[in-house]
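The values are calculated or read from the model by the stated rules, or taken from the named source; none is laboratory data. Every value quoted in this text rests on a predicted model; they were computed, and no experiment measured them. Cβ coordinates were reconstructed from backbone atoms using ideal geometry, including for glycine residues, and neighbour counts include every protein chain displayed. These area figures cover heavy atoms from the full protein model, side chains too; ligands, DNA and RNA do not enter into them. Shrake-Rupley method; radii C 1.70, N 1.55, O 1.52, S 1.80 Å.
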Amino acid sequence: MSIFHNSTSPIFLLMGVPGLEWAHAWVSIPICCLYLTAVSGNTLILFVVLSEPSLHEPMYYFLCMLSTSDLGLCISTLVTVLGIFWLNAREISLDACLSQMFFNHLFTVIESSVLLAMAFDRFVAISNPLRYVSILTDLKIAQIGAAIITRGTLIIIPMVLLLKPLSFCHSHVLHHSYCFHPDVMKLSCTDTRVNSAFGLTVVISTVGIDSIFILLSYILIIHSVLNIASPEERKKAFNTCISHLCAVAIFYIPLISLSFVHRFGKHAPPYVPTLIANIYLLLPPVLNPIIYSVKTKQIQKAMLKLVFSKGIQI
């Protein structure tokens, strides 16, 4: 069946792992396990924080936002990724592709914004601990959450809609198992300079600015920690930031690598962008719950309390 239905409503073909099409059934096993780990881990974090009154603090509310964005990132790509590896269902319409792209990029922007909010949270907790709760009230956190969602929506909608008028008369084969803005844009046979410029603007105004402010936050955090007289208190203050720093690293490094591959890696082997795209998609949702569960004693205690209480009931 031809994939060229018409010039305005094409059907795209998503890509699995180039060169390993024969092994997609086997590749699907670890990918499915990663999805299950990500969904169950982030759901558990949400349940534990919301059900345990002692965790109703600003830090854990932001952790809930992080888990929600990770869940959104997983769910927005779950159908197409597993559809390719399980059923070889590679076709996706333009409208479905744009819808998936919207949610994929929206949750990416939301996660970047949440990581910035968490950096601010750590700065307030370390530099002004006595006023921590009074500064980050429940109302303030709700306002931050609403601002994060509004920011992401207003930025991503125009970027996605600008792809709608484009004509796609070249190859309709995408390089990932989900729709990604630079990947779709490259297939157009019309002028995409506006799309490219707007896409770059989105990256700079979200991930770029967020990463700069996170760096500035940690410069201020280090300055505040160095003013603490007790070495033991310094160590304790730095330990509260380790989980967040790990979350920042596993989010930004794959994302920036994927952006660089799409813009400058024209001669890279075809499996390279596919590998980086899957790392960017699954690494943060899988590792974030593990990192916070291992490094945060309050989360560990709440989980043990939940397990023992369920065991007693049984």
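Some values worked out for this structure:
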item: Among residues of the range 137-160, those that are open to solvent by less than 10 Å² (accessible area, probe 1.4 Å) and either among the small types (Gly, Ala, Ser) or closer than 20 Å to Val225 by Cα (or both), counted; result: 1
item: Hits in the range 255-282 (condition: under 20 Å from Leu20 (Cβ atoms), open to solvent by 20 Å² or more (accessible area, probe 1.4 Å) and modelled with pLDDT of 80 or more); result: Leu275, Ile276, Asn278, Ile279
item: Selection within the range 161-176 - surrounded by fewer than 17 Cβ atoms within 10 Å (Cβ to Cβ) and in contact with a strand residue (DSSP E or B) (Cβ under 7 Å, 6 or more places away or on another chain); result: Val173
item: Residue list for the range 177-191, filter: assigned to a loop (DSSP other than H, G, I, E, B), open to solvent by 20 Å² or more (accessible area, probe 1.4 Å) and touching a Ser or Thr at 6+ places or on another chain (Cβ under 7 Å); result: Cys189, Thr190
item: Where Phe107 falls short, out of the listed (1) more than 30 Å from Cys64 (Cα to Cα); (2) touching a Ser or Thr at 6+ places or on another chain (Cβ under 9 Å); (3) assigned to a helix (DSSP H, G or I); result: (1)
item: Selection from the range 192-205 of residues that are closer than 17 Å to Leu161 by Cβ, part of a helix (DSSP H, G or I) and among the β-branched types (Val, Ile, Thr); result: Val194, Thr201, Val202
item: Residue in the range 84-97 that is in a helix (DSSP H, G or I) and touching an Asp or Glu at 6+ places or on another chain (Cβ under 8 Å) present; result: no
item: Count of residues meeting criterion [of a type outside the set (A, V, I, L, M), closer than 17 Å to Leu220 by Cβ and in contact (Cβ under 8 Å) with a residue 60 or more places away in the chain] in the range 103-137; result: 6
item: First in the range 47-67 and at pLDDT 95 or above, second anywhere and among the acidic types (Asp, Glu) and open to solvent by less than 10 Å² (accessible area, probe 1.4 Å), Cβ under 8 Å, 6 or more apart; result: Phe62/Asp121; Leu66/Glu111
item: Contacts under 8 angstrom Cβ, first residue in the range 226-242 being more than 12 Å from Ser127 (Cβ to Cβ) and without any contact (Cβ under 8 Å) to a residue 60 or more places away in the chain, partner surrounded by fewer than 12 Cβ atoms within 10 Å (Cβ to Cβ) and of a type in the set (Phe, Trp, Tyr), 6 or more apart; result: none
item: Subset tally (residues that are surrounded by 12 or more Cβ atoms within 10 Å (Cβ to Cβ) and either part of a loop (DSSP other than H, G, I, E, B) or at pLDDT 80 or above (or both)) for the range 10-30; result: 12
item: Pairs, first within 19 Å of Gly199 (Cβ to Cβ) in the range 243-272, second at pLDDT 80 or above and open to solvent by 50 Å² or more (accessible area, probe 1.4 Å), C-beta under 7 Å, six or more apart; result: Pro254/Ile279; Pro254/Leu283; Ser259/Val203
item: The one condition in (1) at pLDDT below 90; (2) under 27 Å from Leu116 (Cα atoms); (3) surrounded by fewer than 17 Cβ atoms within 10 Å (Cβ to Cβ) that Leu304 fails to fulfil; result: (2)
